[in-house]
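The values are calculated or read from the model by the stated rules, or taken from the named source; none is laboratory data. Quick caveat: nothing in here was measured; it's all calculated off a predicted structure. Here Cβ is always computed from backbone atoms with ideal geometry, including for glycine, and neighbour counts include all displayed protein chains. Ligands, DNA and RNA are stripped out before the accessible areas are found, and what is left, the full protein with its side chains, is counted by its heavy atoms. Shrake-Rupley method; radii C 1.70, N 1.55, O 1.52, S 1.80 Å.
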Amino acid sequence: MGPSIGGFLAAHARAVLNLESILGALVTLVIVAAACRRRNQGAETPTPQPVSRWVSWVGLPAIAALVPVAFWRSLHVGLLSDDFILVRYANEFTSHDLAQAFKTGGGDGFFRPAQYLEWVGLARLAGWQPESWHLVSWFFHAAMALLVYALARRLRLPAWESLFAAGLFVVLGSRPEAVIWITGFNGEMAVTFLMLCGLLLFVRSLELQGGAAVAALIGSWIAMVVGILSNEFGYIFPLLLVLWLASQGSTPVEALRRRYRALIPFFAAAAMLFAYRWRLFGGMGGYLTRNRPQALHFGLATLHALFGRLWGVLYFPINWTMAPNLAVVVLGMFYVAALLWLAVTGCGRQGPVFRKDLLFPAGFIMVAALPPLHLLMIGPDLMKTRLLYPPSVGFCLLLAVAVRALSGRAKIAVMAAVLAFHFAALQHNIGPWLYASAKSQDACRAAAI
């Protein structure tokens with residue numbers, strides 16, 4: 001029964017993709033609309049209790065340990081596609097190459113000199129061994145899950161909801177391309193790490209005074225600059241800071257002015273780096289279509305990507321080139337039921353979910369989707385889902401905020417259904433990578449004979 005249902009869905013993948021997009025966008029719209037209806041209640045989001053020893057000694061280590069549990073099957077995936085070129089380049093990189101990287105634009109239309117440094121540093125740890133590269137990737141993925149937890153706490157989410165956001169970030173079904181593919185790991189994963197570190201440092205600077213606040217602000221600025229020089233996603237960082245300040249509720253006017261004035265160095269640095277990039281390429285750069293940057297192409301496909309496909313892949317990341325097994329199908333049914341319960345029942349209650357609570361998570365998704373927007377018409381094979389690694393931070397926070405409106409067994413059931421489905425979808429989506437790796441290694445052995 002399971003394979004027949006999965007096969008039927010895979011055979012009608014195009015219709016399923018449209019249904020995913022509609023349902024994902026609808027669930028988000030209902031959650032946000034329900035929160036907006038409570039904008040005038042005047043209530044404040046309750047301040048969460050201090051972190052207990054249980055969370056520090058059990059919860060957070062469990063989140064980190066979840067990474068190898070979720071990805072253990074992919075440890076021996078070999079080099080694929082661009083990996084062969086990039087791993088060799090990282091191991092043979094010279095100081096002359098570094099000087100050239102800062103003075104010239106890449107032949108692919110991108111300017112990412114800091115990314116080369118990151119590659120070289122990782123090559124000193126991983127060398128030529130794919131397993132070592134995967135272990136490094138696992139480490140950074142776990143570290144970012146902990147940063148997501150820290151960010152959730154800064155959003156005043158309770159410990160359980162914060163752990164839920166971090167756990168979902170680990171097992172999200174769209175993870176294989178970013179975590180398993182070495183090329184994907186060094187792009188979107190690295191810049192996401194820098195953006196989260198910079199954001200948390202900026203938030204910390206608002207809580208400190210004097211030299212400590214200035215030091216945290218400088219650290220945040222450095223993280224942004226390195227992020228921009230690593231990947232184009234880094235340019236959205238100043239907008240994330242604006243989102244954060246806007247989501248923090250009522251603030252005295254003078255304090256608000258000081259906070260927004262602190263953003264001037266961030267916008268100035270981003271503008272100067274973009275101007276330098278423009279000079280190197282004689283324009284925006286990036287991928288070209290008919291001698292015109294793809295990023296400047298807008299149309300119905302762009303709108304579909306932003307308001308449809310983006311949400312379909314975030315909520316329902318299933319590789320439809322391979323029929324899902326019975327576990328994915330059954331857990332998917334419970335997952336859809338949980339989402340509908342969360343949207344219709346949970347957010348309709350008088351729970352502590354207000355417009356300002358969802359402003360940052362929802363805004364994070366939309367802003368982080370802007371740099372790769374022209375590439376987000378993701379098909380049934382889930383290729384290019386690595387581009388959703390940064391927006392997925394906002395997605396995990398959004399569901400965690402929404403879940404807070406529930407209580408008791410309903411909250412536990414919804415969180416369990418969400419995590420179980422994405423874990424099963426992740427295992428399903430790892431399958432094609434194992435198949436591609438086996439074929440690649442067979443080809444390499446044949447060529448070596």
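If you bin all the Cα-Cα distances of the chain at 20 Å, starting from zero, the percentages per bin are 24, 59, 17, 0.
How much FRET efficiency would the formula 1/(1 + (r/R0)^6) give for TYR287 and ARG88, where r is the Cβ-Cβ distance and R0 is 22 Å, rounded to 0.05?
About 0.40, to the nearest 0.05.
Rounded to the nearest 20, the Cβ-based charge dipole of the chain about its Cα centre (Lys and Arg +1, Asp and Glu -1) stands at 1140 debye. Counting Lys and Arg as +1 and Asp and Glu as -1 over every other residue whose Cβ lies under 9 Å from the Cβ of TRP181, the net charge comes to -2. Modelled spin labels at TRP128 and SER407, positioned 7 Å past Cα toward Cβ, are 6.3 nm from each other. When the chain is treated as a Gaussian network with alpha carbon springs shorter than 10 Å, the biggest mean-square fluctuation among SER95, SER162, SER205 belongs to SER95. For n ≥ 4 DSSP H runs only, could you compute -39500 (n - 2.57) per run for the chain, divide by its residues and tell me the 222 nm figure to the nearest 500? Counting only the DSSP helices, I get -21000 deg cm²/dmol. Backbone phi angles across segment 200-215, fed through the Karplus curve with coefficients 6.51, -1.76 and 1.60 (θ = phi - 60°), yield HN-Hα couplings of 5, 5, 5, 4, 5, 5, 6, 8, 9, 9, x, x, 5, 5, 5, 4 Hz in residue order; Gly and Pro are listed as x. In this structure the amide hydrogen of PHE111, modeled in the peptide plane, comes within under 5 Å of the amide hydrogens of GLY106, none closer than 5 places in sequence on its chain. Contact order for the chain, expressed relative to its length and based on alpha carbon pairs under 8 Å spaced 6+ residues apart, stands at 29 percent.
How large is the accessible surface per residue of the chain, computed with a 1.4 Å probe and reported in Å² as a whole number? Walk me through the numbers before you get to the answer.
Numbers: 19940 Å² over 449 residues.
I get 44 Å² per residue for this part.
To put it simply, the accessible area of segment 124-265 at a 1.4 Å probe is 69 percent carbon and sulfur.
Within the chain, what's the longest run with no chymotrypsin sites (Phe, Trp or Tyr not before Pro) in a DSSP loop and at most 15 other beta-carbon atoms within 10 Å? Give the range, please.
On the way: sites that count: TRP128, TYR287, PHE298.
By the stated rule (loop sites, at most 15 other Cβ atoms within 10 Å), 129-286.
Taking all Cα pairs closer than 8 Å and separated by 6 or more residues, the relative contact order of segment 294-449 comes to 38 percent. Multiplying the residue separation of MET366 and PHE110 by 0.36 nm and removing their Cα-Cα distance gives an extension gain of 89.9 nm.
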